[in-house]
Amino acid sequence: MQSIFHFAYHVRDLELSRQFYCDLLGCEEGRSTDTWIDVNFFGHQLSLHLGEPFPVTNTGKVGNHMVPMPHLGVILKMSDWLVLKDRLIKADMKFVLPPNIRFPGEAGEQATMFFLDPAGNPIEIKGFNNLELVYAT
């Protein structure tokens, strides 16, 4: 069964969010009102509503890193991950965890990077050379 994921969360400023998600990340805007916007987040539906974002703490232990929890993410083909990484670096993104390779040489080897949207919502973007290995053990 294949599906499209839907996630709705709060942002403080719709115009800043529109610039971040659409102009910087390359997402396409969908329906919108004066209190929310939908974006096509790499094939999934995000609904960004005006409000106070959820609290975040760096409590997720992954390897040697404590990552922001909760967080939203997407897994891309490595070639797409590299394009996005370069775009974010060129835009002077302040990374929570800079682009790196996690679990090198192991099952589940992946590229990853963490950053925040303008409201402080954490986002992780992963890259895999082979998407069939996403769940490899």
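I'd like to know if segment 31-43 contains one or more residues that are surrounded by 13 or more Cβ atoms within 10 Å (Cβ to Cβ), in a loop (DSSP other than H, G, I, E, B) and either in contact with a His (Cβ under 9 Å, 6 or more places away or on another chain) or at pLDDT below 95 (or both). Don't jump to the end; show me each part of the working.
Taking segment 31-43 first, the residues surrounded by 13 or more Cβ atoms within 10 Å (Cβ to Cβ) are 32, 36-42.
Going one step further and asking which of them are in a loop (DSSP other than H, G, I, E, B), we end up with 42.
Subsequent filtering for residues that are either in contact with a His (Cβ under 9 Å, 6 or more places away or on another chain) or at pLDDT below 95 (or both) retains none.
Within segment 31-43, none of the residues are surrounded by 13 or more Cβ atoms within 10 Å (Cβ to Cβ), in a loop (DSSP other than H, G, I, E, B) and either in contact with a His (Cβ under 9 Å, 6 or more places away or on another chain) or at pLDDT below 95 (or both).
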**Fill in**
Quick count over segment 108-137, residues being more than 30 Å from H49 (Cβ to Cβ) and either in contact with an Asp or Glu (Cβ under 6 Å, 6 or more places away or on another chain) or crowded, with 18+ Cβ neighbours inside 10 Å (or both), is 3
**Fill in**
Looking across segment 62-85 at residues that are part of a loop (DSSP other than H, G, I, E, B) and within 13 Å of the chain's Cα centre (by Cα), the single one that is farthest from F103 (Cα to Cα) is P70
**Request:** Of the conditions (1) part of a loop (DSSP other than H, G, I, E, B); (2) over 27 Å from L131 (Cβ atoms), T59 clears all except one; give me its number.
**Result:** (1)
**Message:** Against the definition (crowded, with 17+ Cβ neighbours inside 10 Å and under 15 Å from the mean Cα position of the chain (by Cα)), how does F5 come out, yes or no?
**Reply:** no
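If I go through segment 68-107 residue by residue, how many of them are over 17 Å from F42 (Cβ atoms) and either out of contact with any Leu (no Cβ under 7 Å at 6 or more places or on another chain) or exposed (fewer than 15 other Cβ atoms within 10 Å of the Cβ) (or both)? Spell out how you get there, then give the answer.
To start, the set of residues in segment 68-107 that are over 17 Å from F42 (Cβ atoms) comprises 68-70, 89-92, 94-98, 100-107.
Applying the additional criterion that residues be either out of contact with any Leu (no Cβ under 7 Å at 6 or more places or on another chain) or exposed (fewer than 15 other Cβ atoms within 10 Å of the Cβ) (or both) yields 68-70, 89-92, 94-95, 97-98, 100-107.
Here the count works out to 19.
The values are calculated or read from the model by the stated rules, or taken from the named source; none is laboratory data. This is a predicted model, so every value here is computed, not measured. With ideal geometry, Cβ positions are generated from the backbone for all residues, glycine too; neighbour counts draw on all protein chains shown.
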